[in-house]
Amino acid sequence: MISTPSASTTAPRTTLYEQLGGESGLQRLIQVFYDIVETDPAAEELHRLHLRGNGVAHSRLEQFNFLSGFLGGPKLYAEKHGHANIKLMHEHVTITTSSKDLWLQAMDKAIDAVALDSSIKQQLMLNFTAVADRLVNQPG
């Protein structure tokens, strides 16, 4: 579970899931992210990559399920699939440095579009970048 200190030393630590606004905040971020993937010309390659996989509708649902648990909320992906191994989830997809960077750029735009606080954005992007770097499985 990813958590961050709260402003007060006596307040409990809160998860990124909670800082996003829980289920509704995460749903909004995922919706905006995939809207960018489907409509932004800069994300066209990323969109094609999703179409070669299981499709964007599938990705919207499963990314929500995975990120819920990854960010400290309900572990929906693991409950549904019995694991939350992100490398296993992506083994059928060719991920290059270029496609990884496109994903991160689209998520950066999505976070800006939903107007998250800069400190939350920084924490999210650090976590997303660390995971995305490990998913690259092909040169390019």
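The values are calculated or read from the model by the stated rules, or taken from the named source; none is laboratory data. These numbers were taken from a predicted model, which means no experiment stands behind them. For neighbour counting, all protein chains shown are included, and Cβ atoms are generated from backbone atoms with ideal geometry for every residue, glycine included.
Brief remarks on what is shown
- Every residue from the range 55-101 that is farther than 15 Å from ALA132 by Cα, acidic (Asp, Glu) and out of contact with any Lys or Arg (no Cβ under 9 Å at 6 or more places or on another chain): GLU79
- Scope the range 74-89; condition closer than 18 Å to GLY22 by Cβ and not in a helix (DSSP H, G or I); matching residues: PRO74, LYS75
- Within the range 82-109, considering residues that are touching an Asp or Glu at 6+ places or on another chain (Cβ under 8 Å) and basic (Lys, Arg), the one farthest from GLN31 (Cα to Cα): LYS100
Conditions (1) farther than 21 Å from ASP101 by Cβ; (2) at pLDDT 95 or above, marked per residue:
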site	(1), (2)
THR4	yes, no
PRO12	yes, no
LEU26	yes, yes
VAL37	no, yes
LEU51	no, no
HIS58	yes, no
SER68	yes, yes
ILE86	no, no
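- Neighbours by Cβ (under 7 Å, 6+ apart or cross-chain): first from the range 122-134, under 14 Å from THR15 (Cα atoms); second modelled with pLDDT of 95 or more and surrounded by 13 or more Cβ atoms within 10 Å (Cβ to Cβ): GLN123/LEU16; LEU124/LEU16; LEU124/ILE111
- THR97 surrounded by fewer than 12 Cβ atoms within 10 Å (Cβ to Cβ), free of Cβ contacts under 8 Å to residues at least 60 places away in the same chain, among the hydroxyl-bearing types (Ser, Thr, Tyr) and more than 16 Å from TYR17 (Cα to Cα): no
- Each residue in the range 22-64 was checked for being of a type in the set (Asp, Glu) and under 16 Å from the mean Cα position of the chain (by Cα), and 4 pass.
- For the range 65-94, taking the residues that are free of Cβ contacts under 8 Å to residues at least 40 places away in the same chain and buried (at least 19 other Cβ atoms within 10 Å of the Cβ), the one that is farthest from the chain's Cα centre (by Cα) is identified as TYR77.
- Note on the range 100-140: residues that are in a loop (DSSP other than H, G, I, E, B) and surrounded by 15 or more Cβ atoms within 10 Å (Cβ to Cβ) total 3.
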